[in-house]
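Heads up, the thing below is written out as structure tokens.
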């Protein structure tokens, strides 16, 4: 069958799976097994040669199943299906988003290399970069949204490490402020510092908006990464990660994954296959709800600023120009500054009824959290302040509930904030 005529949302139901190989079951079963039987010793030898990177797969050669640390039907079908949204050649899935990030960095960076990374960035990634990679002698240098290529290059040259650049790592939109990083600019920078025997890799964490509303590989990135826990899983019941790119790069990632042993489990893979079937429906509804919530928040006197991609056109033209190049929608993540500080933010969070106070994002239920003291607590105070991750910032992940119910919940929680004495003293009018 010619799959190219169909949209990804249609192929999420069946792509990569043959029911006739599984007793006609319309859905892929859970292959809860540790090992697989070879037809012959020669077959087993051939499979291992490729799996361990001793040789490349021959043209038309099919590598069979070996051991669930290396491959498994649930894992392989999930990887095939995930490539569709991003137009990738290959995919590697992991037991968490952080294992996808850490394995990718460890594969493509060696002692003495320089990692150039964007800010703001997820707290877990920040910790791994600053407290783990540096133990292996890897140099790190951050840059922030809004910096030009010339500004970044000036600091790069000033460091004396420009010839050591090994990877440019981006998180765009950034967690939790929705700051955008120009992917094409970073690709141009990476290509400039690539040499014959060393290609500078551009990796993009697409968790905050993908895989529906942004496709970094189409903007020239080498790798795109996900915490599949978020929108891809979408039900707050799995932890998973993914890396996508061309066959050569993903082949290297898979070899290291084999020896780190952080592959996805059959059951987790099966749950993600289920979730992919409703991915676009869920994300479209979440984006629609988020827009309604933002429209309401912008009018509230206790809301000082809303951080949302749909607000960029008038508030930040340079960011909007990046948005037009690489984003296909506004997403369902937003943050806002509440009048006051931590006391007011906590009062708001503690009085939510429908929206749950919890970290993570992208699930069917709406969630609220306080980045400065929760997801981004490990980032130094000065850095947080620099990136507007202050005590008054609240992050919302919008779910699929009735949007009027979400607005009611936010409204009544803000009313509790308005009752605080010092807010009244400021004579905030309603």
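Please treat every number below as a calculation from the coordinates, not as lab data. Please read all numbers here as calculations on a predicted model, not as lab measurements. Using ideal geometry, Cβ is built from the backbone for each residue, glycine included, and neighbour counts are taken over all protein chains shown.
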Exercise. If you find the alpha carbon centre of the range 232-246 and of the range 199-215, how far apart are they in angstrom?
Worked result: 13
Exercise. When only Cα pairs under 8 Å and 6 or more residues apart are kept, what is the percent relative contact order across the chain?
Worked result: 16
Problem set entry | Choice from 63, 407, 181 showing the highest fluctuation, given a GNM over the chain with Cα pairs closer than 10 Å | 63
Seminar exercise, completed: Listed with the fewest Cβ neighbours within 10 Å leading, 339, 83 appear as 339, 83
Exercise. Based on DSSP H runs of at least 4 residues, each adding -39500 (n - 2.57), what is the mean residue ellipticity at 222 nm of the chain after dividing by all its residues, to the nearest 500 deg cm²/dmol?
Worked result: -11500 deg cm²/dmol
For this session: Kindly put 186, 311 in sequence by how many other C-beta atoms sit within 10 Å of each C-beta, fewest to most.
Result: 311, 186
Exercise. At a Förster distance of 25 Å, what's the computed FRET efficiency of residue 45 paired with residue 247, Cβ-Cβ distance as r, to 0.05?
Worked result: 0.65
Problem set entry | Sequence of 378, 86 once ranked by neighbouring C-beta atoms within 10 Å, starting from the fewest | 378, 86
For this session: Can you tell me the 0 to 90 degree angle between the C-alpha axis of helix 97-108 and the longest principal axis of the chain, rounded to 10?
Result: 60
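Compute the FRET efficiency between residue 140 and residue 304 as 1/(1 + (r/R0)^6), taking r as their Cβ-Cβ distance and R0 = 22 Å, and round to the nearest 0.05.
0.10
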Exercise. Share of antiparallel DSSP beta bridges in the chain, in percent to the nearest 5?
Worked result: 55
For this session: Treating the angle as unsigned and between 0 and 90°, give the value, to the nearest 10°, between the Cα long axis of helix 403-418 and the longest Cα principal axis of the chain.
Result: 50
Seminar exercise, completed: Mean-square fluctuation maximum in Gaussian network of the chain, Cα pairs under 10 Å, restricted to 79, 61, 277, hits 61
Problem set entry | the range 75-108-the range 145-164 distance, computed between alpha-carbon centres (Å) | 29
Exercise. What angle, in degrees between 0 and 90 and rounded to the nearest 10, separates the Cα long axis of helix 317-326 from the longest principal axis of the Cα atoms of the chain?
Worked result: 30
Exercise. Residue 415 to residue 199: extension gain in nm, 0.36 nm per residue of separation minus the Cα-Cα distance?
Worked result: 72.3 nm
Exercise. Which whole-angstrom value gives the distance between the alpha carbon centres of the range 1-61 and the range 331-373?
Worked result: 42
Exercise. Which of these values of percent of Cα pairs over 40 Å apart was calculated from the structure shown: (i) 43; (ii) 15; (iii) 21?
Worked result: (iii)
Seminar exercise, completed: Per GNM of the chain with C-alpha springs under 10 angstrom, the most fluctuating residue out of 108, 94, 259 is 259
